[in-house]
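The values are calculated or read from the model by the stated rules, or taken from the named source; none is laboratory data. Bear in mind that the values here come from a model prediction, so they are computed numbers and not experimental data. Quick reminder, even Gly has a Cβ in these numbers, built from the backbone with ideal geometry, and neighbours come from all protein chains shown.
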Amino acid sequence: MQHLSLEPSALEVQNLSAMNEVFSEILGLRRLVHTPSGMTFELGVDTNGHTHVLMLLATRAPVVPRMLNLEVSGDEFIPLSQRLMAYPHLLEDVQIHDAGHSMSRQCAWRVATCRLPEGHYLRLAAIDPRRCALPPG
């Protein structure tokens, strides 16, 4: 899993407990650090051995909702999407978009979006080249 954005991979949150449930239980991310002021989760390790992380920073101030974009593998997408749908008490407006059989160069995108606690949004994106339509010919 990796972060897909130029924005920082840190979210300010008021309810660390609810967000911990989202990222550790639903998405299955490994929690590296947990303090009263925040949490850090491992998104993955790149080919150079660098660990990519997501930080949740506790705040009492009202939070401005943000979109968190994460890329997952094609094999991870279906199980993660199913887990998102299994938590209606915590996640709102879960939507799955499937662009299978596309003739575009970025074919076979799968995207799951949902509203997280406190108004933040999560977008999981996966591309599975095996699902691309074959060119006519």
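Of note:
- One residue from ALA125, ALA133 being modelled with pLDDT of 65 or more and among the small types (Gly, Ala, Ser): ALA125
Yes or no, residue by residue, for (1) assigned to a helix (DSSP H, G or I); (2) of a type in the set (Val, Ile, Thr); (3) more than 16 Å from the chain's Cα centre (by Cα); (4) closer than 29 Å to PRO88 by Cβ:
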position	(1), (2), (3), (4)
ALA18	yes, no, no, yes
PHE23	yes, no, no, yes
GLY28	no, no, no, yes
HIS34	no, no, yes, yes
THR40	no, yes, no, yes
LEU43	no, no, no, yes
GLY49	no, no, yes, no
LEU56	no, no, no, yes
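- On inspection, ALA10 does not qualify as among the hydrophobic types (A, V, I, L, M, F, W, C) and loosely packed, with under 14 Cβ neighbours inside 10 Å.
- Test: residue in the range 99-119 that is loosely packed, with under 14 Cβ neighbours inside 10 Å, within 15 Å of the chain's Cα centre (by Cα), at pLDDT 90 or above and not in a loop (DSSP other than H, G, I, E, B): yes
- Filter result for LEU4 (among the hydrophobic types (A, V, I, L, M, F, W, C), under 20 Å from VAL111 (Cα atoms) and at pLDDT below 90): yes
- Residues in the range 30-52 that are touching an Asp or Glu at 6+ places or on another chain (Cβ under 6 Å) and aliphatic (A, V, I, L, M): LEU32 only.
- Yes/no for LEU80 being in contact with a strand residue (DSSP E or B) (Cβ under 9 Å, 6 or more places away or on another chain) and assigned to a helix (DSSP H, G or I): yes
- The range 65-94 residues that are within 24 Å of ALA10 (Cα to Cα) and free of Cβ contacts under 8 Å to residues at least 40 places away in the same chain, paired with ones that are hydroxyl-bearing (Ser, Thr, Tyr) and assigned to a loop (DSSP other than H, G, I, E, B) (beta carbon under 9 Å, 6 or more apart): VAL94/TYR87
- Exactly one residue out of LEU90, LEU68 is surrounded by 14 or more Cβ atoms within 10 Å (Cβ to Cβ), assigned to a loop (DSSP other than H, G, I, E, B) and at pLDDT below 95, and it is LEU90.
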